[in-house]
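Each remark here refers to the structure printed beneath this line.
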Amino acid sequence: MKTKLSMIVLASMISAPSFAADIERNGFASIVAGQTTSSDQEFDGYTNDLTFDNGSIIGLQATSDLGNGLGMTAQIIAKGEDGWDPEFAWAYLSYDFTDDTRVLVGRQRAPFYMYSDYIDVSYAYPWITPPSGVYSLPFDAINGVSIIHSMQIGQFDTTTHVSYGQNSEPTEVLGELVDVDVESVVIGSFTANRDWLTLRAAYAVANVSFYGDEGSSIDQIADLAAIWEGLGYSNIANGLVSNSDQGSFLQVGFQIDHNDWLFVGEYTEVDLSDSVIGKDDSFYVMAGKRFDNIMLHVTYGQDNSAGKLLTSGITEPAFVDLVAATDAAMNSQNEDSNFATVGARWDFHEAAALKFEYTKHSDDLNGLNDADVVRMAFVTVF
Amino acid sequence: MKLIIKGVIVVISLMSSVVLAEVAVVVNTTNANSLANSDVSRIFLGKMKSFPDGSSTIPVNLESGSTVRGEFEEKALGKSSSQVKAYWSKQVFSGKGKPPKELASDADIIRFVSATPGAIGYVDATSVNDKVKVIAKY
């Protein structure tokens with residue numbers, strides 16, 4: 001039903017004549033072809049067989065100016081990896097109190113990362129997609145309200161963006177789609193830009209709950225927690241599951257875009273350490289140089305994540321299996337991996353570019369997860 | 001050989017001086033503001049929405065693909081046309097702003113600027129007449 005509705009809106013966005021209100025339509029698309037370089041490698045949806053679905057995306061945006069500072073924006077995107085099912089990425093009302101202060105109400109992008117606002121618009125940045133280790137939160141939109149305020153401070157143009165809302169879409173956790181309630185999300189971000197220098201920081205908190213289907217990993221972990229609870233170890237039970245636990249997110253980043261050089265870096269910390277998800281920190285740094293309409297770039301990044309040891313001090317022989325299962329669950333989220341990407345972007349047309357990327361992923365905990373991925377993309381805005 | 005190269009360089013620089021016309025940034029004749037080059041850039045990137053006297057800025061672009069626009073973006077904004085396009089796609093798809101509206105010719109820009117108090121545009125310097133005021137040249 002949801003799909004049908006968005007199909008109708010999509011069709012009307014393409015074909016509808018603009019009525020009295022001034023409707024602007026814009027779109028973007030990435031067609032991505034990618035594969036791993038060897039038959040025993042799999043990474044993030046890529047296998048040794050060339051695929052055109054993973055990472056491919058098309059989006060349409062309609063913005064209607066209703067006058068007196070009031071506007072309506074809707075964005076529908078369809079992703080190849082979701083079988084091209086169109087979905088509303090955004091649908092919000094905006095109101096400009098002044099030239100510098102705008103309020104958004106509705107479904108909107110959650111401003112977690114430097115490239116969050118246009119994360120699906122590959123034309124707007126050098127890579128095919130931003131580094132997945134940092135850009136790893138399983139959701140990127142919230143339903144709620146936000147205030148965006150721009151202000152000049154000294155020589156810097158600054159933007160402060162504060163959002164409040166919630167998200168309760170099925171989300172991928174531990175590799176499975178589960179019901180997630182992310183409630184009372186508060187995200188504050190601050191961006192300062194002067195000529196070639198951009199600095200950004202964001203912080204967010206939210207109450208997070210997971211509900212896995214019967215038999216899912218999350219469900220099994222909940223069963224494990226129930227056993228500990230029954231044995232009187234509620235601290236261990238609480239450390240496994242997230243039942244409205246508070247999670248936090250921190251981001252800092254910079255961008256230097258000077259003459260033909262581009263340097264970008266971002267660091268993030270995701271902390272849901274009172275659950276099996278644990279604490280995860282990631283960063284990447286990127287350097288690129290433009291040669292006329294070609295940009296060459298290199299990126300290096302790391303991801304680290306460690307689950308707590310919940311069972312220290314529990315030595316009862318009867319609990320051996322339970323301890324082993326609990327430790328295995330907590331350790332399943334440990335990660336110590338890094339990647340290096342070399343890539344090129346060729347602006348062969350004023351509204352379209354071709355991109356090439358080679359990424360070497362190394363997993364220091366499990367060499368079987370190592371993978372080399374080559375991708376090529378055609379990206380455009382229209 | 002050296003002479004030939006020199007000759008080629010001279011020809012290229014002659015050609016480029018023909019192609020690379022001077023760009024004049026123009027405002028309405030009633031506009032008494034003075035602008036630094038960085039202000040011109042910030043206005044055309046949508047970062048500066050009012051003139052120093054507080055009145056709203058209404059920037060207008062020449063059509064994309066026009067030589068004068070390319071010149072202006074290179075010299076005043078310090079960006080290539082595709083960089084400017086990428087910049088505006090960030091603004092548009094983040095719902096934060098939209099690019100200045102486009103007019104087809106220098107004559108259209110001059111007509112619009114002369115009729116609109118807050119307007120600011122750019123034209124080939126040779127197209128300037130007394131209906132508009134030149135506020136900067138590149």
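So, of the residues in the range A:38-57 that are surrounded by 19 or more Cβ atoms within 10 Å (Cβ to Cβ) and either among the hydroxyl-bearing types (Ser, Thr, Tyr) or in a strand (DSSP E or B) (or both), which turns out to be modelled with the lowest pLDDT? Checking each candidate, the answer is A:Phe43.
Looking at the range B:50-63, which of the residues that are surrounded by fewer than 16 Cβ atoms within 10 Å (Cβ to Cβ) and on the phi < 0 side of the Ramachandran plot is farthest from the other protein chains (Cβ to nearest Cβ)? Taking the candidates together, the pick is B:Asp53.
Screening the range A:201-258 for residues that are at negative phi and assigned to a loop (DSSP other than H, G, I, E, B) and picking the one that is surrounded by the fewest Cβ atoms within 10 Å (Cβ to Cβ) gives A:Glu214. Scoring B:Val134 on the criteria (1) aliphatic (A, V, I, L, M); (2) under 29 Å from A:Phe382 (Cβ atoms); (3) out of contact with any helix residue (DSSP H, G or I) (no Cβ under 6 Å at 6 or more places or on another chain) leaves a single failure, condition (2).
Just so you know, in the range A:64-88 the residues that are within 12 Å of chain B (Cβ to nearest Cβ) and within 15 Å of A:Arg109 (Cα to Cα) include one that is surrounded by the fewest Cβ atoms within 10 Å (Cβ to Cβ), and it is A:Met72.
Evaluate the range B:30-45: report whether one residue or more is in a loop (DSSP other than H, G, I, E, B), more than 11 Å from chain A (Cβ to nearest Cβ), exposed (fewer than 15 other Cβ atoms within 10 Å of the Cβ) and of a type in the set (A, V, I, L, M, F, W, C). Yes, the range B:30-45 has at least one match. Of all the criteria given as (1) more than 30 Å from A:Asp157 (Cβ to Cβ); (2) under 18 Å from the mean Cα position of the chain (by Cα), the one not satisfied by A:Phe52 is (2).
Kindly provide the set of residues from the range A:133-167 that are small (Gly, Ala, Ser) and in contact with a Ser or Thr (Cβ under 9 Å, 6 or more places away or on another chain), ordered by number. It would help to see each step written out before you state the result.
Start the filter on the range A:133-167 by keeping residues that are small (Gly, Ala, Ser), which leaves A:133, A:136, A:141, A:144, A:146, A:150, A:154, A:163, A:165.
If the condition is that a residue be small (Gly, Ala, Ser) and in contact with a Ser or Thr (Cβ under 9 Å, 6 or more places away or on another chain), then A:Gly133, A:Ser136, A:Gly144, A:Ser146, A:Ser150, A:Ser163, A:Gly165 are the ones that fit.
Here B:Lys90 passes the criteria (1) at the interface with another protein chain (Cβ under 7 Å from one of its Cβ atoms); (2) in a helix (DSSP H, G or I); (3) touching a residue at least 24 places away in the same chain (Cβ under 8 Å) except the one numbered (3).
With respect to the conditions (1) of a type outside the set (Lys, Arg); (2) within 12 Å of chain A (Cβ to nearest Cβ); (3) closer than 30 Å to A:Tyr95 by Cα, B:Gly78 lacks only one, and its number is (3). For the range A:171-192, filtering for residues that are part of a strand (DSSP E or B) and either closer than 18 Å to A:Val241 by Cβ or touching a Gly at 6+ places or on another chain (Cβ under 8 Å) (or both) leaves 12. Only residues that are modelled with pLDDT under 90 and at positive phi were counted across the range A:165-194, and they come to 2. Against the list (1) modelled with pLDDT of 90 or more; (2) in contact with a Gly (Cβ under 8 Å, 6 or more places away or on another chain); (3) small (Gly, Ala, Ser), the condition A:Gly133 fails is (1). Of everything listed in (1) in a loop (DSSP other than H, G, I, E, B); (2) farther than 30 Å from A:Tyr358 by Cα, the single unmet condition for A:Pro111 is (2). Considering the range B:41-76 alone, what residues qualify as being within 15 Å of A:Gln152 (Cα to Cα) and touching a Lys or Arg at 6+ places or on another chain (Cβ under 6 Å)? Once the filter is applied, which keeps residues that are within 15 Å of A:Gln152 (Cα to Cα) and touching a Lys or Arg at 6+ places or on another chain (Cβ under 6 Å), the range B:41-76 yields only B:Met48. In the range B:111-132, of all residues being within 14 Å of the chain's Cα centre (by Cα) and under 20 Å from B:Ser50 (Cα atoms), the one that is surrounded by the fewest Cβ atoms within 10 Å (Cβ to Cβ) corresponds to B:Ala119. Taking the range A:299-382 and the strands (runs of 3 or more DSSP E) fully enclosed by it, no element has 1 or more residues that are in contact with a Cys (Cβ under 8 Å, 6 or more places away or on another chain), more than 14 Å from chain B (Cβ to nearest Cβ) and closer than 30 Å to A:Tyr118 by Cβ. Going through (1) surrounded by 21 or more Cβ atoms within 10 Å (Cβ to Cβ); (2) closer than 30 Å to B:Glu74 by Cβ one by one, A:Val270 falls short only on (2). Checking the structure you have, find out if any residue of the range B:119-129 is of a type in the set (Gly, Ala, Ser) and not in a helix (DSSP H, G or I). Checked against the condition, which is being of a type in the set (Gly, Ala, Ser) and not in a helix (DSSP H, G or I), the range B:119-129 yields at least one hit. Can you name the residue in the range A:115-133 that is more than 8 Å from chain B (Cβ to nearest Cβ) and not in a loop (DSSP other than H, G, I, E, B) and is also surrounded by the most Cβ atoms within 10 Å (Cβ to Cβ) among such residues? Filtering first and then ranking leaves A:Ser122.
The values are calculated or read from the model by the stated rules, or taken from the named source; none is laboratory data. Being a predicted model, the structure only gives us computed values, none of them experimental. In this analysis, Cβ positions are derived from the backbone assuming ideal geometry, glycine residues included, and neighbour counts consider all displayed protein chains.
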